[in-house]
Every structure is written in structure tokens, then in C-alpha cells.
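Step one of this worksheet: look at the structure below.
Coordinate-derived values only; no laboratory data. Predicted model, so just to flag it, every value in this text is computed and none were measured. No Cβ is skipped: glycine too gets one built from the backbone with ideal geometry, and neighbour counts run over all protein chains shown.
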């Protein structure tokens with residue numbers, strides 16, 4: 001068995017301090033300063049553990065660039081725009097977006113790009129990918145990005161933010177924890193006492209859940225930070241992730257290694273641990289601070305509305321038969337609603353300052369919680 005320093009450290013913490021909540025376990029797996037998954041490697045691509053939409057096709061980033069241009073015009077074409085990406089991977093999406101934006105010099109010349117990244121390995125990849133870009137800075141947190149009119153892009157960002165898991169028992173909802181069994185293996189358990197009055201905070205669909213049901217929630221701090229920024233400083237955010245339209249019970253805590261699902265308790269720090277995003281909760285939190293919410297809609301619907309089929313046809317027209325086949329397969333993967341596609345599993349949510357009454361690809365009629 002390979003050396004697992006983080007597993008050993010987690011065992012020691014549990015033995016000394018007792019079982020740890022799932023959110024703390026997830027935080028250590030991803031962000032431990034020495035052994036965390038997201039501080040020590042490039043997890044993307046065929047040689048990594050998973051592939052994101054920007055790595056599937058240039059069309060994804062290009063269309064987000066054109067979406068940015070559309071929103072900039074709605075904002076009144078401000079003379080300076082901060083284009084912020086949260087969790088920017090290898091920089092592929094931003095590179096593709098900027099290539100699309102170069103055809104609009106009045107906007108391109110106003111841009112200041114801000115990349116929010118904590119992974120030093122990926123940060124170096126981003127710097128190489130974007131080496132020719134002027135006016136670009138890197139930050140560890142969106143808090144460090146200067147104020148001003150902004151558009152924020154967040155693709156597969158929220159799914160790695162740590163979740164709380166609650167398990168329903170006869171006497172109420174107990175926090176789910178990670179413990180150590182008699183053989184030294186990690187296992188799930190539950191806090192001895194229920195969380196007082198937790199049931200009054202539950203969404204309607206969860207209140208009648210049976211004993212044994214799991215409910216997941218994330219603190220609202222990150223989405224409220226984004227919503228407050230676009231509300232106060234004139235701007236919009238686009239959030240793309242896998243998850244569900246409505247708040248409901250269900251255990252979605254998972255781990256992926258080498259493009260396959262694996263046990264999230266087996267090798268902490270050596271696999272990507274994530275959980276589905278509750279888009280209704282995101283929309284509700286954004287509305288609570290006075291931002292306008294657009295959507296959510298499925299990724300397939302969003303990409304079709306902003307022109308991915310037209311873009312694919314244009315690229316295929318100039319391509320060799322082999323490349324045209326690759327483009328067709330990429331289009332299918334990004335928009336298809338089947339199990340192998342990302343079209344229905346991934347959702348898209350827009351958040352803006354109240355004066356922006358419509359965003360490209362999204363509809364105010366499809367408010368968070370208003371779609372199934």
C-alpha cells in the first residue's frame with residue numbers, strides 16, 4: 001500500500017479530538033497545506049482525474065467570451081471591466097474567452113483579467129497558457145480583487161466547496177461525521193446528539209424525508225460574497241456546475257480518481273472529492289442580499305441558446321473530416337442529456353445587479369426553484 005500521510009494525520013486527529021464532520025474531512029482532503037488534493041497537482045485532462053467542459057472543446061470558452069461581451073453591452077459598456085474567473089483550471093477557458101473577445105476591441109482594451117486560484121501547480125499552468133495576456137493578475141481569494149464593474153465566471157467551482165451532511169434519525173437531524181473503525185479504516189457515523197431545531201431551516205421538500213435520509217448544505221458565504229459584489233459594483237456572474245435545480249435530500253458526496261468513481265474515505269488527498277451543487281440554495285442566498293437571479297437552466301439549453309450549434313457548424317465547415325468528427329463529438333458531450341453528456345447534469349445560473357433584467361441564454365421566468 002502506498003504511503004498515505006494525510007490518512008495517517010486524519011486518523012490521529014480523530015483519535016485525539018473525536019469524529020470530524022464531513023465538511024472538515026472534505027476541507028482537509030482538498031486544502032491541507034501539504035497533502036491536499038488541490039494544492040499539490042494538476043488534476044485535469046486525460047492524464048489526470050477528470051475533464052472539465054473547457055478541456056472538451058474551445059467552443060465552451062469562446063461562447064462564454066461572447067456572453068461576457070453581451071453582458072458588458074447591457075452594463076452600458078463601462079470603460080473598465082474586471083473579468084474574474086474563480087477556479088480557472090489550466091487557464092483554457094479564459095484563453096478561449098479572450099480569443100473570442102479580441103474581435104471586439106472596444107471591450108478587449110478595457111479588460112483587466114483576475115484569476116482566483118489557490119493551487120500553485122495550476123497557477124503556473126495558467127501563467128503559461130495566458131502568457132501573452134496584458135493586464136492580468138492572480139489572487140488566492142475574490143476578496144483580493146479590486147473593486148469595479150465586473151463579470152465573474154465560475155465553472156466547476158462550487159462543487160468542491162465543503163459541505164455539511166445531516167442524517168435524519170428518530171430524534172432529529174444529526175451531523176454526519178467521519179470516524180475510525182476497529183481496523184483503522186475510515187467510516188461514516190453521526191454525532192451523538194441531534195442539532196437543535198435544524199428541521200426549521202429545512203427546505204419544504206426535505207421536511208418529510210424518511211429516517212436515514214441525508215441532507216447536504218453549504219454555507220452561503222461564498223455565493224453571498226459574489227452576489228454582493230455584482231449588486232454593489234455593477235456586474236454579473238455566471239455559475240456553471242453539476243447539481244440539482246431544487247433543494248432536496250440525497251447523498252452526493254463522491255470521489256473521482258483516474259476518471260472513475262472511488263470511495264471518498266479510501267485515500268484522502270489523492271482523489272477529487274466533491275458534492276452536487278444546490279442551485280435553488282445559491283439563488284435564494286443571492287436574492288437575500290438583493291441581487292437579481294437568472295435561471296438556473298441546463299447547460300445544454302444554455303449553450304444552444306448562446307449559439308454553440310452555429311459555432312460548431314462554422315468550425316466543421318473549415319475542418320478536416322477527422323477534426324469535424326471531434327467537433328461533433330464535443331458538441332454532443334457538452335449538450336447531450338444522456339448519461340455520457342453534460343447537457344442536463346450541469347446547470348447554469350446567472351446573478352446580476354438588479355438593473356440587468358435579462359442575460360443571454362437565461363430567462364428571468366426560470367427563477368431558482370422554478371424549474372424541475
Seminar exercise, completed: Listed with the fewest Cβ neighbours within 10 Å leading, 84, 256 appear as 256, 84
For this session: Note the per residue figure in Å³ for the convex hull of the C-alpha positions in region 149-278.
Result: 138 Å³
Exercise. Radius of gyration and Dmax for region 256-344's Cα atoms, expressed in Å?
Worked result: 18.0, 51
Exercise. Alpha carbon centre of region 1-31 versus region 296-333: separation in Å?
Worked result: 43 Å
For this session: Working from Cα positions, state the angle (0 to 90°, nearest 10) between the long axis of helix 279-288 and the longest principal axis of the chain.
Result: 80 degrees
Exercise. Taking only Cα atoms, what is the 0 to 90° angle, nearest 10, from helix 5-17's long axis to the longest principal axis of the chain?
Worked result: 50 degrees
Exercise. If you project the alpha carbons of region 74-129 onto their three principal axes, what span does each projection cover, largest first, in Å?
Worked result: 37, 18, 15
For this session: In a Gaussian network model over the chain where Cα atoms closer than 10 Å are linked, find which of 112, 35, 147 has the largest mean-square fluctuation.
Result: 147
Exercise. How would you classify region 1-155 from its alpha-carbon gyration tensor, with a ≥ b ≥ c the square roots of the eigenvalues: rounded for a/c under 1.5, else prolate if a/b is greater than b/c, otherwise oblate?
Worked result: prolate
Seminar exercise, completed: Out of 295, 235, 132, a Gaussian network model of the chain with alpha-carbon springs under 10 Å gives the largest mean-square fluctuation to 132
For this session: Send over the semi-axes of region 103-218's equivalent ellipsoid, whole angstrom and largest first, taken as the square roots of 5 times the C-alpha gyration tensor eigenvalues.
Result: 44, 20, 11
Exercise. By count of other Cβ within 10 Å, fewest leading, how are 103, 178 ordered?
Worked result: 103, 178
Problem set entry | Rg over Rh, two decimals, the chain (C-alpha only, Kirkwood Rh) | 0.97
Problem set entry | Ranked 134, 284, criterion: other C-beta atoms within 10 Å, fewest first | 134, 284
Exercise. Given only helices, namely DSSP H runs of n ≥ 4 each adding -39500 (n - 2.57), what is the per-residue ellipticity at 222 nm of the chain, to the nearest 500 deg cm²/dmol?
Worked result: -10000 deg cm²/dmol
For this session: For the chain, with a Gaussian network of springs between Cα atoms less than 10 Å apart, report the residue from 220, 159, 171 with the top mean-square fluctuation.
Result: 171
Problem set entry | Length-normalised contact order for the chain - Cα pairs under 8 Å, 6+ apart - percent | 19 percent
Problem set entry | Angle in degrees between helix 321-335 and the longest Cα principal axis of the chain, rounded to the nearest 10 | 50 degrees
